[in-house]
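Written below as structure tokens is the structure these notes are about.
None of the figures in this text is laboratory data; all of them are computed from the coordinates on show. Remember, it's a predicted structure, so these values are computed and weren't measured experimentally. FYI the Cβ positions are ideal-geometry reconstructions off the backbone, even for glycines, and counts take in every protein chain you see.
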Amino acid sequence: MTLSHKYKTTELSGKEADLLYLLYSSENQTLKREYILKVVWGDEGDYVGRTLDVFISKLRKKLVADTSLKIINIRGIGYKFVIGNRG
């Protein structure tokens, strides 16, 4: 998957694309960490507890060019994807 913003394009890995799709399709909803891990990683073996945090960090860096897109950490619960400047 490729992200494009103005004149910049960025490639996403398969897991990054899956994670972004899940967050985007649940815009403005808080998703629990466990739910995200189950949907994106499923039964692909053991994953470290910080796996999700690492992928969120990578996505944030790739989305930084568009300031209207935010992945918000909901402490102790999970994450929420917010698109600002709508309307």
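If each DSSP helix of 4+ residues adds -39,500 (n - 2.57) and the sum is divided by the residues in the chain, what number results at 222 nm, nearest 500 deg cm²/dmol?
Values: 3 runs with 34 residues, N = 87.
Value at 222 nm, helices only: -12000 deg cm²/dmol.
By counting other Cβ atoms within 10 Å of each Cβ, how are 18, 53, 43 ranked from fewest to most?
Working: 18 18, 53 13, 43 5.
Ranked by crowding around the Cβ, least crowded first: 43, 53, 18.
Between the helical axis of 51-63 and the longest alpha-carbon principal axis of the chain there is an angle of about 0 degrees. The loop-placed chymotrypsin sites (Phe, Trp or Tyr not before Pro) in region 1-83, going by DSSP, that have at most 16 neighbouring Cβ atoms within 10 Å of their Cβ come out as 7, 47.
Sites listed here are trypsin sites (Lys or Arg not before Pro) in region 3-71 whose DSSP assignment is loop and whose Cβ has at most 13 other Cβ atoms within 10 Å: 6, 50. Bridging of residue 62 to aspartates and glutamates at a Cα separation below 15 Å is possible for 11, 16, 18, 53, once same-chain residues fewer than 8 apart are set aside.
Among the GluC sites (Glu not before Pro) in the chain, those located in a DSSP loop and surrounded by at most 15 other Cβ atoms within 10 Å of their own Cβ are 27, 44. Inter-label distance, residue 28 to residue 6: 2.7 nm, where each label sits 7 Å from its Cα along the C-beta direction. Axis of helix 14-25 versus longest Cα principal axis of the chain: the two differ by about 70°, to the nearest ten degrees.
I need the fraction of alpha carbon pairs in region 1-41 separated by more than 13 Å, rounded to a whole percent. Percent of Cα pairs beyond 13 Å in region 1-41: 58.
Size of region 17-87 from its Cα atoms: along the principal axes, largest to smallest, the extents are 41, 21, 21 Å.
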